[in-house]
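Contents: one structure, followed by commentary.
The values are calculated or read from the model by the stated rules, or taken from the named source; none is laboratory data. Every value quoted in this text rests on a predicted model; they were computed, and no experiment measured them. Here Cβ is always computed from backbone atoms with ideal geometry, including for glycine, and neighbour counts include all displayed protein chains. SASA here: full protein model, heavy atoms, side chains in, ligands and nucleic acids out. Shrake-Rupley method; radii C 1.70, N 1.55, O 1.52, S 1.80 Å.
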Amino acid sequence: MICTAPAQYDGRNTLPDAGAHERSEPMTAPTLELRGITKRFPGVVANDAIDLRVEPGQVHALLGENGAGKSTLMNILYGLYQPDDGQILLDGEPVRFSGPREAIARRIGMVHQHFMLVPPLTVAENVMLGHEQRRGPLLDRERAEAEVRRLSEQYGLDVDPTAHVRDLSVGMQQRVEIIKALYRGADLLILDEPTAVLTPQEADELLAIMRGLAAQGKAIIFITHKLREVLAVADHITVLRGGRVAGTADPKTATQASLAALMVGRPVLLHVEKGPGHPGEPVLEVYDLAVLGDRRQRAVDGVTLAIHAGEILGLAGVEGNGQNELVEALTGLRHAERGQIMVGGHDLTNAAPRRFVERGVAHIPADRHKYGLVLEQSIADNFVLSTYYQPPFARGLRRVFSAVWDNAVRLVQAFDVRTPSPALPAGALSGGNQQKAVVAREMNRPAGLLIAAQPTRGLDIGSIEFIHKQLIAARDQGMAVLLVSAELDEILSLSDRIAVIFKGRIAAVVDGPTATATELGVLMAGATPEKAAG
Amino acid sequence: MPAPPPLPPARRHALIDRMRRVRLPGLGQSILVPLLAVITALLVGAVIILVSGGNPVRAYEGLYEGSIGCPGALSGDAGIQVTRLVCASSVTDTLITATPFVIAGLAVAFAFKGGLFNIGVEGQLLAGSLATVLVGYKLDGLPAALHITLALAAGIAAGAVYGAIPGLLKAYTGAHEVIVTIMLNYVAGTMTSYLLSGVMKDPRSGAVARTPYIDTAARLPDVWPGPEMLHLGAVFAVLTAIGLWWVLQRTTIGYEVRTVGANPHAARYAGMSVARTVALTMAVAGGLAGMAGAIEVTGVNYYHTPGFSVGYGFDSIAIALLGRAHPVGVIPAALLFGALRGGSSRMQFLTQIPVDIIQVIQALVLLFVAAPAIVRWLYRVRQRPHTVIEERPEPAASV
């Protein structure tokens with residue numbers, strides 16, 4: 001079936017009425033072929049003779065570590081970059097896109113990692129933004145809503161076109177982005193790390209949606225570095241490493257270990273090896289802590305906890321059950337309404353953040369852009385963000401740059417933060433390297449308690465392995481570690497004890513080595529410990 | 001904590017070498033756009049002069065002669081005897097005009113570094129002038145060094161207090177500093193008129209509302225004696241700019257100011273007191289504005305009148321923007337504004353083009369600086385790619 005409507009689409013007003021837009025049967029995506037795509041940046045070959053073939057009705061996973069060249073390749077396909085060499089073919093016909101508009105006209109859609117939505121507008125308004133449905137000079141809101149509803153039903157997206165985007169969860173917002181691409185006639189969808197921002201449940205739902213889209217003839221390029229998801233959803237797997245195709249794999253025969261080895265270029269330990277913990281004195285003691293959330297709701301409601309030297313306490317829970325508020329209260333960033341926080345025997349309830357710093361509380365924040373880094377400042381400055389005023393980084397009021405520089409050089413090296421220079425702004429680092437920089441800083445200062453919130457979010461396998469080893473090493477040297485993670489696997493493989501948080505209360509504390517994912521899953525959903533055990 | 005082991009020295013030095021070779025966003029880039037903005041503004045200004053029937057070449061000749069050149073040198077005006085002295089006086093005029101611009105520009109630039117938009121320079125400057133003039137004429141019989149110091153200190157302190165008000169309100173109540181400083185400008189302006197026509201009025205000034213002259217001991221001495229008359233304030237201005245740069249870059253307080261300005265959340269996370277830093281930043285900015293007023297009173301006017309400020313408060317914003325909020329960058333920006341203002345009357349004298357064209361040019365400079373995309377597009381200046389560095393993983397052996 002040939003449908004030419006999207007090609008005629010003038011790119012400014014509405015989509016042609018009778019074109020791709022209101023067809024009732026699904027149409028088949030073009031076969032995409034990339035041949036020998038090469039892209040050089042100053043000093044770097046980001047893509048080196050990459051071949052890729054994507055068939056209609058298939059989910060093609062593009063797997064690779066940060067900096068492997070996945071995003072560059074997709075930006076070339078979407079017209080954001082021009083390849084230095086190589087060809088893009090759609091149904092065998094060579095094409096050249098000088099911008100996303102041309103790629104969209106050829107039915108290619110992209111869902112970016114960071115959403116491009118206007119929060120106060122409704123779903124339908126966001127979807128038609130730039131491609132407004134009109135009735136004379138007026139917006140035809142009903143028609144846009146009907147169209148969104150139709151797409152939502154056809155692909156099982158379950159999105160309410162009249163809802164305001166600001167009220168939607170991250171997972172729902174992502175579906176709005178998918179509808180936006182479909183609304184513009186996309187038959188080939190590029191999803192750039194779509195699960196990085198999702199909870200495990202939302203991620204599973206998204207994988208089901210991707211299967212549904214493929215079943216109706218869409219082609220999907222799924223960029224990720226999460227092996228489990230790839231094996232669950234992909235029809236084909238292409239692994240990139242260092243800008244080249246490191247190999248392709250068949251999900252029926254591939255294993256997580258084989259894919260990881262292909263990605264990293266060496267065998268990778270997917271499960272951390274750790275000996276039994278040797279818990280000592282309690283370092284953090286929390287009694288009956290209550291904390292209000294942003295909407296003045298009681299986010300943390302009577303939490304009592306103790307973490308001992310030499311142990312990792314994992315805090316498991318579905319996101320939004322008070323984890324963030326708890327961590328903020330334990331670092332002085334949020335006011336505690338009730339209760340007591342003791343660090344190393346000192347009462348730090350509602351103390352200023354600096355007192356937590358000085359009492360040896362290190363904190364890897366969940367939101368690295370908000371709290372973790374000053375993107376405009378140099379990497380070297382970011383490494384001393386909370387110790388800038390202490391020796392050796394300052395002498396009186398004067399900063400000592402040689403010490404700051406030596407510290408930066410050492411951390412960049414030790415934590416493999418990939419940057420040409422620590423004098424560059426932190427914003428110039430890729431996401432994974434930004435996270436490594438934060439982890440490097442927090443694990444490197446004198447502290448007895450490490451609060452690690454989502455410490456491996458957005459990292460590739462090699463870095464995750466590295467950070468897990470560091471956390472274990474910290475524990476073995478007598479540090480108390482509070483690990484807050486949305487990744488159940490991470491909690492299970494690292495924790496000596498696991499506390500499950502549900503609606504701001506600790507539902508249960510279980511022994512780490514014997515806990516199972518099923519048991520935790522039930523507790524996270526709000527069951528009482530007795531039911532979970534039975 | 002498991003501190004990573006120190007690197008072997010040889011390897012470490014190789015790494016440092018490699019890192020230092022990387023080109024950082026250079027000085028060239030940050031100067032290029034403001035420079036092109038000024039050139040563009042002058043070109044557009046020339047078109048406007050042409051369209052309104054003037055001769056832009058003659059106009060700019062006049063501007064040049066009146067600001068940095070010698071009157072009559074280019075225009076061949078036989079009426080003026082060209083002497084070294086006259087030439088020097090147009091340059092000193094420019095420098096004297098630029099002096100308060102530098103300091104007031106710093107008041108805006110410093111606040112910018114702390115993430116604050118100080119619209120209140122006008123009011124802080126008036127507060128500083130009032131305090132300085134009061135100390136200047138109320139006290140007498142003091143040794144000059146002491147009297148000058150007291151007068152300047154009073155101006156700086158008054159400006160700092162006046163600047164700290166919006167700073168404290170912002171820090172502890174969240175009141176937006178832009179709104180508060182604008183309001184405080186009106187308060188200062190009205191208070192000045194009231195005091196200067198009331199309790200602080202010079203009884204001998206007749207119908208004119210102005211204060212008495214300050215004591216001669218409270219007047220800033222000239223840098224060098226003679227008719228060129230460049231007062232010491234110009235030196236203070238340059239030293240202040242350099243000192244402020246040093247504070248921002250080299251001290252922990254400067255780092256706190258910059259961090260709070262760039263990301264207050266991260267600053268709080270790092271244990272800095274955001275509220276205290278905001279209040280301090282505004283107090284320093286206000287102190288600078290007060291110093292600008294104090295130097296005008298002690299160096300140029302020797303008294304205070306309601307018409308004292310010739311728009312310093314607002315020009316200082318343009319100057320800070322043109323200087324890219326860099327303390328040292330403010331100096332050339334202020335010199336440009338000083339030259340434009342200093343040369344404008346000579347331009348009007350020669351060409352009958354109204355001095356108001358200068359304000360048009362200043363506005364154009366601000367427009368092009370505030371919208372660098374226009375300049376980049378006009379001159380096809382490529383923005384330094386600000387993309388993520390995606391370095392290819394390299395085998396560890398190559399380091």
1/(1 + (r/R0)^6) with r = Cβ-Cβ of A:E358 and A:E142, R0 = 51 Å, i.e. FRET efficiency to nearest 0.05, evaluates to 0.25
Relative contact order (%) - criterion: Cα under 8 Å, at least six apart; region: chain A: 14 percent
Across the stretch A:116-185, how large is the tail of the calculated P(r) beyond 15 Å, expressed as a percent of all Cα pairs? 44 percent
Lysine-lysine proximity count for chain A, Cα under 24 Å, sequence distance 8 or more or distinct chains: 18
In Å, what Kirkwood hydrodynamic radius results for the protein assembly as shown from the alpha-carbon pair distances? 31.9 Å
Could you give the spread of the C-alpha atoms of the stretch A:146-291 along their three principal axes, from largest to smallest, in whole angstroms? 62, 50, 25
Can you tell me the dipole magnitude for the stretch B:101-335 around its Cα centre, using point charges on the Cβ only (Lys, Arg +1; Asp, Glu -1), in Debye to the nearest 20? 500 debye
Counting only protein chains, not ligands or nucleic acids, how are A:M524, A:M128 ordered by accessible area (probe 1.4 Å), most first? A:M524, A:M128
Step by step: find N for the stretch A:370-445, compute 2.2 N^0.38 Å, then divide the Cα radius of gyration by it. What's the final number? 1.00
Measure off 7 Å from each Cα along the Cα-to-Cβ vector at B:V310 and A:D294, then give the distance between these two points in nanometres to one decimal. 5.0 nm
Quick check on the stretch A:431-534: of the DSSP beta bridges with both residues there, what percent are antiparallel, nearest 5%? 55 percent
May I ask you to evaluate 6.51 cos²θ - 1.76 cosθ + 1.60, the Karplus curve with θ = phi - 60°, for each residue of the stretch A:316-322 and list the ³J(HN,Hα) values in order in whole Hz, giving x for glycine and proline? 9, x, 5, 4, x, 9, x
Looking only at the stretch A:61-87, which residues have a backbone nitrogen under 11 Å from a spot 7 Å from the Cα of A:R40 in the C-beta direction? A:84-85
Using a 1.4 Å probe and counting only protein heavy atoms, how much accessible surface gets buried when B and A come together, both sides summed, in Å² to the nearest 100? 4800 Å²
Inter-chain Cβ neighbour average for residues A:409-419, partner chain, 10 Å: 4
Rg ratio (alpha-carbon, reference 2.2 N^0.38 Å) - the stretch B:101-335: 1.01
Mean 1/r over all different Cα pairs, inverted: what Kirkwood radius does chain A give, in Å? 25.1 Å
Can you give the % of DSSP beta bridges in chain A that are antiparallel, to the nearest 5? 55 percent
Could you tell me the distance between the Cα centroids of the stretch B:136-164 and the stretch B:257-281, to the nearest Å? 31 Å
Using a 1.4 Å probe on the protein heavy atoms, what percent of the accessible area of the protein assembly as shown belongs to carbon and sulfur? 59 percent
Starting from the 7 Å offset along Cα-to-Cβ, what nm value, one decimal, do you get for the label separation of A:E55 and A:T162? 4.4 nm
Nearest 500 deg cm²/dmol is fine: what mean residue ellipticity at 222 nm does chain A get from its DSSP H runs of n ≥ 4 alone, each adding -39,500 (n - 2.57), divided by its residue count? -9000 deg cm²/dmol
